[in-house]
Ligand SMILES: *Cc1c(COP(=O)(O)O)cnc(C)c1O
C-alpha cells in the first residue's frame, strides 16, 4: 500500500450516522448529513446516506456537483452562502441553500426562474457567533422581501454557532430562533417549515435542551468523528475512529533530545523550546505540514509522543513504545477535525475506503 494513507471505515460512518439520526429523531429533528470534510466523496456520502439522513449538505458547489455526477438524487443543501457568480450552478444542482443577502436571494430567484425550478432558501440569522446571518431585528423586514421573490421559496430560518465567535448554542438562543420563525410565518403568510438549529455544536442540547419548533440540524463532525464539538463527548455507541492515518517510519535512531548549536528559528519561523530528556529513540515519519495539519494527530501507540513537524517530516519520541518498531514500520494516528479535513484534501495522502478497516 502507498503511504501515508487514510483508512476510512464506511460501516463506522453509517453506524455513527444512525446514532445521530436516532437521537435527533426522538427530539423531532431531521438531520442534514454534511459531507464537506471529505470533499464530497461519494463513498463517504453514501455511508452517511445509508445511516438515514434526509438531506446531504456541503459548503462547496463543486462537491455537490461531484455527488450529482456520481448519481446521488437525495436532496442537497449548499451550506456556504452562495457567491453571486455561482447561482446558476446552485439552483441547478442543489434544492436548497443558506442565504443572508437580499441581492443573493434575487440572483437565485432569477436563475431559478430561468431554468424553471423552485429553489428553497433558508434565511440565516446571526444570534451572536458573528459569522453569517442577518441581525435578528431585521428578520421580519428581510423575510418579507425574500417571500416576494418568485423562483425561490423562503423555507425557514437557520442559525450557526461555534464557528467564528465560538458562541455556544443554548436553549434560549434557539427559542429566539423559533420565536423569530413564528413571527416571520405570520408576517409572510408562508409555512416556512424548517427551523435549522445549527451544527454539531448543538448536539449536546438534544433532546432536552432543544426547544420545540427546532426541527433540523446540519451535522458533519458529529457523524464523522462521533462527537459533539463543545464538550467533545463521544456519543454513546459511536466510533471515534472511522478515520485513521497510517504513516511509515523512514528513520529510527537514538539521539539527544536537545538540539546542539546556536538556536535561531525552525522552518516555520518559530523558536523551538525543547526539554532535555537525554538520549531518546526518535522516529521520523514520511508526512509533514504540507500533507496535513499535524496538531490534530494523536498516535495510537501508547507512549508515543509527537515532538514536532516540518514540511515533509513528522518527528516522534518512541522511547516508551512497547512494540518493536523499525524503518518501514507503520504508525497509526487518530485524527481530529482539523487533521481530517486537511488530510482528506491532500493529494499526497492515499485514501482507502472499506468496511472493517
Ligand atoms: C460545516 C457546516 C456545518 C456542519 O458543521 P459540523 O461542525 O461539522 O457539524 C453546518 N452548517 C454550516 C453552515 C456549515 O458550514
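Observations, loosely collected:
- Protection proxy ranking of 37-48, 161-172, 103-114, 192-203 - average other beta-carbon atoms within 10 Å, highest first: 192-203, 37-48, 103-114, 161-172
- With Cα atoms, 0 to 90° folded angle of helix 102-114 axis to the chain main axis: 80
- Its DSSP H runs of at least 4 residues, each contributing -39,500 (n - 2.57), put the calculated 222 nm mean residue ellipticity of the chain at -8000 deg cm²/dmol, to the nearest 500.
- In degrees, nearest ten, helix 10-26 long axis to first principal axis of the chain (Cα): 40
- Springs between Cα atoms under 10 Å define the GNM used for the chain, and in it the highest mean-square fluctuation of 309, 143, 267 occurs at 267.
- Between residue 267 and residue 131, the C-beta separation translates, for a Förster distance of 41 Å, into a calculated FRET efficiency of about 0.80.
- Cα-based helix-to-principal-axis angle, 171-188 vs the chain, degrees rounded to 10: 30
- Rg followed by Dmax, in Å, when the chain is reduced to its Cα trace: 23.2, 74
- Among 138, 246, 63: highest mean-square fluctuation, GNM of the chain, C-alpha pairs under 10 Å: 138
- The chain - share of DSSP beta bridges that are antiparallel (%, nearest 5): 45
- Here the relative contact order of the chain, from alpha carbon pairs under 8 Å that lie six or more residues apart, stands at 19 percent.
- Segment 78-160: relative contact order in percent, alpha carbon pairs under 8 Å with at least 6 residues between: 31
- Note on the chain: with a GNM built from Cα contacts shorter than 10 Å, the maximum mean-square fluctuation among 252, 217, 79 falls on 252.
- For segment 3-36 versus segment 177-191, the gap between their alpha-carbon centres in whole angstrom: 31
- Its relative contact order, with pairs defined as Cα atoms under 8 Å and 6+ residues apart, puts segment 290-357 at 40 percent.
Read the figures in this text as sums done on the coordinates, not as results from a lab. Everything numeric in this text was worked out from a predicted model, so none of it was measured. Because the Cβ atoms are built from the backbone with ideal geometry, glycine has one as well, and the counts that use them run over all protein chains shown.
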